[in-house]
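Undergrad: Got a structure for you, questions after.
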Amino acid sequence: MSEWRYWFAEQKGTLLALGIFIAMFVIYTANHPAGFTANVVQTASNKGVLLAFVAMAQTLVVITAGIDLSVGMIFLLTNCLASWIVVGTPLETALGVIAVLLVGVLCGALNGAIVIYGRLQPIVATIATGSIYFGIALLLRPYPGGSVNEDLADALTGRLFGVIPSSLVALVVVVLVVWVPFRRSVYGRAAYAAGSSEVAAYMSGVPIKRGKFLAYTLGGLLAAIGGLFLTFFTYTGEAAYASGNAYTLFSIAAVVLGGVSLFGGRGSAIGAIFGAFAFRTIGDLLFVFDLDPLWQPLFQGVVLLIAVSLGAFALFRVKNRLEWFG
Amino acid sequence: MSDTATTGGAASRMPRFLRKVDPAVATSFACIIALLVFGSLYSTSFLSPEYLLQQLKVASFLGVIATGMMLVILLGQIDLSVPWTVTTGAMMASAAAAFGPAGIVLAIPFGILCGILIGLVNGIGVAYLRIPSMIITLATNAVAQGLMVVYTGGFSPQDSASEAMRWLATGSLVPGVPNAVVVWALIGAVTVFVLTRTTFGRSVYAIGNRERAAYLSGVDTRRIVMIAFAAAGGLSAFGGVLLAGYASKAAQSMGDPYLLPSIAAVVLGGTSILGGRGSYLGTVAGVILITLLQSILSVMQMPEAGRQIIYGVVIVAMLLLYGRAPASR
């Protein structure tokens, strides 16, 4: 019995995000003119998966009590790169995919090296590296364009057996291959420990540096997977500053909605995935209710504002006022 | 630990007036001189008074915005709502200017007031609801963007800046000295006075060092934090008003290029991003440094991509020089 209580306490944020997402999605499909069909689910999943990858990347870094304001730019950079090299014969395409993922790993590793071994603050360091990544993306694609192996793209954005969106399957595979092993490894625990209390983790001999470094590096990898999928959806590469910024911002929103604590050490990438889906569905709700798209940014902003203010209710439980000041 | 020991040893051998200089501020001034020398090698007009005054004028817009950012960073917080607070200030001031004679008089105060309101929401969220500043300011940024998109219909508004706004940004009261520079100097003087000579200023530093200790010493820390955020919002909006005056109208996403530079200017000037440490002189140095860097890159006709890369590399390199946190031991 008490085992269950611990499990529930740990997964509360994730379950809440799942609940919000299901509620939003039910409202969405109930009011959608086409209703709950495979097509609607496929479109929603394709849009949601992009943000889900970026949000997972953000989660890995946020767990270590850091923040990565360059995820959106890594996402753009890998998108632009993929529009050059993920083409041609199956072998060339495979090599291209590997190269794109490697570039993502490199970007994440650079962030990690600057933050951990250079001992700079993650906010400033990743804003600066984000500017570098955007510059490289702009070098690769001064104008939108390029192409991608369309067979692979269609396979990964279509449906399996006519019903299951394959992008969703890809997301599950990435969770199983990247997130679960990380979470269960020594380094994953070290990342959580470092986010919870770096001093205590250091005193206990936890390999915090390597744990944090791995978290940043895998964050880059996940952002690159997101960039790859963006290329599969759009068939082009584009270095749009506003879009990179928006993905960074939305990834933080998704992480918060997904119950990941920005102070570090709490939450999971699964929660962030549901947070990302919920955030996307909220944005799409306006369309099914036939409102002017002009209102969408305001609506998303207000939802974000309310979502982050909900955390303030925890203040009422604080008995000692000093705990307000953390 | 060994780092501080060696710098302490070196400092004690230096004359007293040099010992008082913050190494970060000294480094950034040295970098400014290095940039000027480098620029003059490229083109001789780099050291002409006209060019330097023009740079100061451009720097003053960033300077006003960075002043607000510095207040917030001194508290150990951050304000990511700068882009759309700047734009809101510019758009609302231009909108007010379209409302007859009364609107023209009230245009500038109205723009600033809108900024203060955004800052107040940030401040209440951070101080009273204890929401991390990074999140609440992102959220208010999104709301301000949403409001402006609805107001303008997604296009750049047709209203143009009032005479007074244009005069403040481009005119010169004293011949040869642009008004924008005078405005920045005034704001800077007030900020230095407030930060070093008033209870409010000392409380800001105290909260940045340890909010708990400041609270236990009888400082109403939440009120101070709220006021600082409101002031930062007002300053960002004022920066937007000046920018609208400079370009003679407001535009969508005119504030976007000011978020990174304002944070970078404050941090390059030696203010700790963790709060509690930093001087206004450093921020002035950071603002001039960034403006010069941008100007040199554009004079060299560097394409946008190269500019972004060099910009990021320079910021990382300079921070690695003197912005590192102590090792955890």
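The values are calculated or read from the model by the stated rules, or taken from the named source; none is laboratory data. Being a predicted model, the structure only gives us computed values, none of them experimental. FYI the Cβ positions are ideal-geometry reconstructions off the backbone, even for glycines, and counts take in every protein chain you see. We work out accessible area using only protein heavy atoms, side chains counted, and drop any ligands, DNA or RNA first. Shrake-Rupley method; radii C 1.70, N 1.55, O 1.52, S 1.80 Å.
Undergrad: Is the C-alpha gyration tensor of chain A telling us rounded, prolate or oblate? Criteria: a/c under 1.5 is rounded; beyond that, a/b larger than b/c is prolate, otherwise oblate. Before the final figure, lay out the partial values.
TA: Working: a/c = 1.61, a/b = 1.15, b/c = 1.40.
Judged from the Cα gyration tensor, chain A comes out oblate (a/c at least 1.5, b/c at or above a/b).
Undergrad: Using a simple charge model, +1 on the beta-carbon of Lys and Arg, -1 on the beta-carbon of Asp and Glu, nothing else, what dipole does the protein assembly as shown show about its Cα centre, in debye to the nearest 20?
TA: The calculation lands at about 2280 debye.
Undergrad: Right, here's the next one. Using protein chains only and a probe of 1.4 angstrom, how many square angstrom of A:R159 are accessible, to the nearest 10?
TA: Surface accessible to solvent at A:R159 totals approximately 100 Å².
Undergrad: Going by amide H atoms built from the backbone, whose H comes under 5 Å of the H on A:R159, apart from near neighbours?
TA: For A:R159, the qualifying residues are A:S166.
Undergrad: Using only Cα atoms, figure out Rg for the range A:260-299 and give it as a multiple of 2.2 N^0.38 Å.
TA: With N residues counted in the range A:260-299, Rg over 2.2 N^0.38 Å equals 1.55.
Undergrad: If you don't mind, another one. With only Lys, Arg, Asp and Glu charged, each at its Cβ (+1 for the first two, -1 for the last two), find how big the charge dipole of chain A is about the Cα centre; round to the nearest 20 debye.
TA: Computed charge dipole of chain A: roughly 1180 debye.
Undergrad: Which of the listed residues, A:S196, A:P165, A:L106, is farthest toward the dipole's positive end in the range A:2-325, when Lys, Arg count +1 and Asp, Glu count -1 at the beta-carbon?
TA: Of the listed residues, the answer is A:S196.
Undergrad: In cubic angstrom, how much convex hull volume per residue do the alpha carbon atoms of the range B:199-329 span?
TA: 143
Undergrad: What shape does the range B:133-176 take by its C-alpha gyration tensor, where a ≥ b ≥ c are the square roots of the eigenvalues and a/c under 1.5 counts as rounded, a/b above b/c as prolate, and the rest as oblate? Mind dumping the intermediate values first?
TA: On the way: a/c = 5.41, a/b = 1.77, b/c = 3.06.
Since a/c reaches 1.5 but b/c is at least a/b, the shape of the range B:133-176 is classed as oblate.
Undergrad: Along its principal axes, what span do the Cα atoms of the range B:192-232 show, with the longest given first and each in whole Å?
TA: 25, 20, 15 Å, listed from the longest principal axis down.
Undergrad: In the neighborhood of A:P207, defined by Cβ-to-Cβ distances under 13 Å, what is the net charge if each Lys or Arg adds +1 and each Asp or Glu adds -1?
TA: My count for the surroundings of A:P207 gives +3.
Undergrad: Right, another one. To the nearest hundred square angstrom, how large is the accessible surface buried between A and B, total for both chains, probe 1.4 angstrom?
TA: 4400
Undergrad: Further, regarding this structure: Using alpha-carbon positions, what is the distance between the centroids of the range B:198-254 and the range A:96-149, in Å?
TA: Cα centroid to Cα centroid, the span is 32 Å.
Undergrad: Would you kindly find the accessible area of B:K249, with a 1.4 Å probe and non-protein molecules such as ligands, DNA and RNA excluded, rounding to the nearest 10 Å²?
TA: Ignoring ligands and nucleic acids, B:K249 comes out at about 80 Å².
Undergrad: Rounded to whole Hz and in sequence order, give me ³J(HN,Hα) for the range A:274-291 from the Karplus expression 6.51 cos²θ - 1.76 cosθ + 1.60, θ = phi - 60°, writing x for Gly and Pro.
TA: Each residue's phi maps through the Karplus curve to give 5, x, 5, 4, 4, 4, 4, 5, 4, x, 7, 3, 4, 5, 5, 8, 6, 8 Hz.
Undergrad: Calculate the all-directions average of the projected area of the range B:24-322's alpha-carbon convex hull, and give it in nm².
TA: 15.8
Undergrad: Which whole-number percent gives the relative contact order of chain A, counting Cα pairs below 8 Å spaced six or more residues apart?
TA: In percent, rounded to a whole number, it is 34.
Undergrad: For the range A:1-84, state the average projected area of the convex hull of the C-alpha atoms over all orientations, rounded to one decimal in nm².
TA: Average of the hull's projected areas for the range A:1-84 equals 8.7 nm².
Undergrad: Could you sort out which of A:K47/A:K209; A:K47/B:K249; A:K12/A:K319 sit more than 29 Å apart by Cα distance in this structure? Spell out each step's value before the answer.
TA: Details: A:K47/A:K209 35 Å; A:K47/B:K249 36 Å; A:K12/A:K319 22 Å.
Violating the 29 Å Cα-Cα cut-off are A:K47/A:K209; A:K47/B:K249.
Undergrad: Okay, moving on. Once you have all Cα-Cα distances for the protein assembly as shown, histogram them in 10 Å bins from zero and send the whole-percent values.
TA: Final binned percentages: 3, 15, 25, 28, 18, 8, 2, 0, 0.
Undergrad: Okay, moving on. Mind computing the radius of gyration and Dmax over the alpha-carbon atoms of the range A:181-319? Å is fine for both.
TA: Rg and Dmax of the range A:181-319, Cα atoms, are 18.1, 57 Å.
Undergrad: Based on alpha-carbon centroids, what's the gap between the range A:258-296 and the range B:129-179 in Å, whole number please?
TA: A separation of 28 Å, based on Cα centres.
Undergrad: Quick one: dipole size for chain B, taken about the Cα centre, charges +1 on Lys/Arg Cβ and -1 on Asp/Glu Cβ, in debye to the nearest 20.
TA: 1060
Undergrad: Under the √(5λ) rule applied to the eigenvalues of the Cα gyration tensor, what semi-axes describe the equivalent ellipsoid of the range A:255-324? Give them in Å, descending. Intermediate values should be presented prior to the final figure.
TA: Working: eigenvalues 170, 52, 12 Å².
They are 29, 16, 8 Å, listed from largest to smallest.
Undergrad: Separate question: I'd like to know which of B:L35, A:Y6, A:L139 lies farthest towards the positive end of the charge dipole of the protein assembly as shown, counting +1 on Cβ of Lys and Arg and -1 on Cβ of Asp and Glu.
TA: Of the candidates, A:Y6 comes out farthest on the positive side.
Undergrad: Over the range B:24-322, what relative contact order in percent results from Cα pairs under 8 Å that are six or more residues apart?
TA: 34
Undergrad: Taking every eigenvalue of the Cα gyration tensor of the range B:120-225, multiplying by 5 and rooting it, what semi-axes result, largest first, whole Å?
TA: The answer is 34, 26, 8 Å, longest axis first.
Undergrad: For B:E163, A:E238, give the ranking by accessible area with the largest first, probe 1.4 Å.
TA: Output order, biggest surface exposure first: B:E163, A:E238.
Undergrad: Compute the orientation-averaged projected area for the range B:60-154 from the convex hull of its Cα atoms and round it to one decimal in nm².
TA: 6.5
Undergrad: Below 12 angstrom from the Cβ of B:R212, what's the summed charge of the other residues (Lys, Arg +1; Asp, Glu -1)?
TA: 0
Undergrad: Would you kindly find the accessible area of B:I131, with a 1.4 Å probe and non-protein molecules such as ligands, DNA and RNA excluded, rounding to the nearest 10 Å²?
TA: In the full protein context, B:I131 sits at about 10 Å².
Undergrad: Next question, about the same structure. Short version: ³J(HN,Hα) in whole Hz for each residue of the range B:201-209, in order, from phi by Karplus 6.51 cos²θ - 1.76 cosθ + 1.60 (θ = phi - 60°), x for Gly and Pro, what are they?
TA: x, 4, 5, 4, 4, 4, 5, x, 6
Undergrad: Follow-up question, since we're still on this one. Run the quick spin-label model on A:I164 and A:L291: label points 7 Å from Cα toward the beta carbon, then report their separation in nm to one decimal.
TA: Spacing of the two 7 Å Cα→Cβ label points: 3.6 nm.
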